[in-house]
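The values are calculated or read from the model by the stated rules, or taken from the named source; none is laboratory data. Being a predicted model, the structure only gives us computed values, none of them experimental. Note: ideal-geometry Cβ built from the backbone for every residue, glycine included; neighbour counts use all protein chains shown.
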Amino acid sequence: MKSSYIEDLENWKNEFTFYIEIKVRFSETDLFGHMNNTVPFVYFEQARIGFLKELGFMQKWVQDDQDSIPVVADLQCDFLRQIYFDQFLKIYVKAASVGRSSVDLHYCGVNEREEVVLTGRGAMVQIYKASGKSKQWSEEQKNAMLAKRNPSYVK
């Protein structure tokens, strides 16, 4: 299945540099031993938070004196292969594009055989805590997010 947000899977996959490792827990599987279809969204959250921590954003957003926070505006997952209990996965995340106050994050789940098992994307928006209105990214934030991609593969 080809996802609309992926033009060329190999090039797209090679742009990722940041990932977290996950082991599928028994409680994350269904009656048939497959990973439940809600679980990737939790994995995406873990990867996203790790990515934002590495950029230094999360540490600032959680401070009491900060006027802004990130919110997820949409999120999708495409399942490419079955995933089972006890499998190890790498969940990659990258900023595919950065807008005025939003960022389009892409996710790639890879199994132990380096097969892509799931892909995903989602928009995250920076908003003011008090008003809920969008807050523009600084140039420093934009550059930090885009710099995390593998420059050898970025168009």
- Assess whether TRP61 counts as being more than 26 Å from LEU9 (Cβ to Cβ) and touching a Gly at 6+ places or on another chain (Cβ under 9 Å). no
- Item | Residue in the range 15-40 that is farthest from GLU112 (Cα to Cα), counting only those that are surrounded by 16 or more Cβ atoms within 10 Å (Cβ to Cβ) and touching a Leu at 6+ places or on another chain (Cβ under 8 Å) | PRO40
- Task: Give the range 118-143 a look and list any residue that's under 16 Å from LYS94 (Cα atoms) and either basic (Lys, Arg) or in a strand (DSSP E or B) (or both), or say none.
- Result: LEU118, THR119, GLY120, ARG121, GLY122, ALA123, MET124, VAL125, LYS142
- Matching residues in the range 5-38 (part of a helix (DSSP H, G or I) and in contact (Cβ under 8 Å) with a residue 12 or more places away in the chain) number 7
- How many residues, within the range 58-78, are farther than 18 Å from PHE16 by Cβ and touching a residue at least 60 places away in the same chain (Cβ under 8 Å)? 4
- Message: Looking only at the range 85-103, count every residue that is touching a residue at least 60 places away in the same chain (Cβ under 8 Å) and part of a strand (DSSP E or B) and tell me the total.
- Response: 8
- Using the structure shown, decide if LYS90 is buried (at least 22 other Cβ atoms within 10 Å of the Cβ), of a type in the set (D, E, K, R) and within 22 Å of GLU54 (Cβ to Cβ). no
- Could you identify the single residue in ILE69, ILE20 that is at pLDDT below 95 and at negative phi? ILE69
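Rundown of residues vs (1) within 10 Å of the chain's Cα centre (by Cα); (2) closer than 30 Å to SER138 by Cβ; (3) acidic (Asp, Glu), yes/no style:
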residue	(1), (2), (3)
THR29	no, no, no
GLU45	yes, yes, yes
GLN66	no, yes, no
VAL71	no, yes, no
TYR84	no, no, no
HIS106	yes, yes, no
VAL110	no, no, no
- Single condition VAL72 does not satisfy, out of (1) surrounded by 14 or more Cβ atoms within 10 Å (Cβ to Cβ); (2) out of contact with any Asp or Glu (no Cβ under 9 Å at 6 or more places or on another chain); (3) under 19 Å from SER134 (Cβ atoms): (2)
